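The values are calculated or read from the model by the stated rules, or taken from the named source; none is laboratory data. Because the structure is a prediction, the values reported are computed rather than measured. Here the Cβ is made from the backbone with ideal geometry for all residues, glycine too, and neighbour counts use every protein chain on show.
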Amino acid sequence: MSAGGGRLLRQTLLVWIVGGLVSNFAWEMLQSRLYVMPGSLEQHAWGCFLASLADVGILAGLYGFLMLLTRERYWFLRLSGLSLLLLAATGFSVAILVERRALERGDWRYAPAMPLVPGLGVGWSPVLQMALIPLGLAWLSHVWARRTVREVESG
């Protein structure tokens, strides 16, 4: 796998950084009606972009956490139900902490349309965002990396 190691690393970075940024920006823009967002469309889009950059930082932390737990740099090569559950649950938990802190500090407010997680007072949309997007990125990484490993081994 060393011959494909550099390629695998580039693919992983592409998926988790670029894929993470694009998917989080799309999610941020789609969920924006669930927040109170003053300002122009340009200011709103810029705010969503900055939030997406912070989301990529969270993704990096989630990736690193799975790497530490599995002791494998490319943990997604052997996806298991347990690793996916840990990834989703950790993303879910981190999102709850981020949302609670931001709401307490007044960084943002929810619009009445935001569905709330019962008993937690945080929105379902941002919590699901940090549970589902990492799962999608792990799956994409898995599929792409398995193809790369097969190509390197066969060729």
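Listed here are the residues, each with its yes/no results for (1) at negative phi; (2) among the hydrophobic types (A, V, I, L, M, F, W, C); (3) in contact with a helix residue (DSSP H, G or I) (Cβ under 7 Å, 6 or more places away or on another chain).
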| residue | (1), (2), (3) |
| --- | --- |
| Leu66 | yes, yes, yes |
| Thr70 | yes, no, yes |
| Tyr74 | yes, no, yes |
| Gly81 | yes, no, no |
| Ala102 | yes, yes, no |
| Asp107 | yes, no, no |
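Inspect the range 81-92 for any residue being assigned to a helix (DSSP H, G or I), among the aliphatic types (A, V, I, L, M) and within 11 Å of the chain's Cα centre (by Cα) and give the result as yes or no.
Scanning the range 81-92, I find at least one residue that is assigned to a helix (DSSP H, G or I), among the aliphatic types (A, V, I, L, M) and within 11 Å of the chain's Cα centre (by Cα), so the answer is yes.
In the range 27-79, which residues are among the β-branched types (Val, Ile, Thr) and at pLDDT below 95? Break it down stepwise before answering.
Of the range 27-79, the ones among the β-branched types (Val, Ile, Thr) are 36, 56, 58, 70.
Within the range 27-79, Val36, Thr70 meet the criteria.
Determine, yes or no, whether Leu62 is assigned to a helix (DSSP H, G or I), surrounded by fewer than 12 Cβ atoms within 10 Å (Cβ to Cβ) and of a type in the set (A, V, I, L, M).
Numbers: assigned to a helix (DSSP H, G or I): yes; surrounded by fewer than 12 Cβ atoms within 10 Å (Cβ to Cβ): no; of a type in the set (A, V, I, L, M): yes.
Spelling it out, it is not the case that Leu62 is assigned to a helix (DSSP H, G or I), surrounded by fewer than 12 Cβ atoms within 10 Å (Cβ to Cβ) and of a type in the set (A, V, I, L, M).
Here are the criteria: (1) in contact (Cβ under 8 Å) with a residue 60 or more places away in the chain; (2) touching a Lys or Arg at 6+ places or on another chain (Cβ under 9 Å). Tell me which single one Leu34 does not satisfy.
(2)
Look at Gly91 and say whether it is surrounded by 13 or more Cβ atoms within 10 Å (Cβ to Cβ), farther than 29 Å from Arg10 by Cα and not acidic (Asp, Glu).
Considered against the rule, which asks whether it is surrounded by 13 or more Cβ atoms within 10 Å (Cβ to Cβ), farther than 29 Å from Arg10 by Cα and not acidic (Asp, Glu), Gly91 comes out as no.
What tally of residues in the range 108-144 results from selecting those that are farther than 18 Å from Arg33 by Cβ and surrounded by fewer than 15 Cβ atoms within 10 Å (Cβ to Cβ)? Lay out the reasoning, then the answer.
Narrowing the range 108-144 to residues farther than 18 Å from Arg33 by Cβ: 117-121, 130-144.
If we keep only those that are surrounded by fewer than 15 Cβ atoms within 10 Å (Cβ to Cβ) too, we end up with 118-121, 136, 139, 143.
Within the range 108-144, residues that are farther than 18 Å from Arg33 by Cβ and surrounded by fewer than 15 Cβ atoms within 10 Å (Cβ to Cβ) number 7.
Working only within the range 102-155, note down all residues that are closer than 21 Å to Ser52 by Cβ, in a helix (DSSP H, G or I) and of a type in the set (Phe, Trp, Tyr).
Trp124, Trp139
Answer yes if at least one residue in the range 3-22 is free of Cβ contacts under 8 Å to residues at least 40 places away in the same chain and either in contact with a strand residue (DSSP E or B) (Cβ under 6 Å, 6 or more places away or on another chain) or surrounded by 17 or more Cβ atoms within 10 Å (Cβ to Cβ) (or both), and no otherwise.
no
For the range 49-87, give me the residue count where each residue is β-branched (Val, Ile, Thr) and touching a residue at least 24 places away in the same chain (Cβ under 8 Å). Can you show your working first?
Pass one, the range 49-87, residues β-branched (Val, Ile, Thr): 56, 58, 70.
If we keep only those that are touching a residue at least 24 places away in the same chain (Cβ under 8 Å) too, we end up with 56, 58.
Counting residues in the range 49-87 that are β-branched (Val, Ile, Thr) and touching a residue at least 24 places away in the same chain (Cβ under 8 Å) gives 2.
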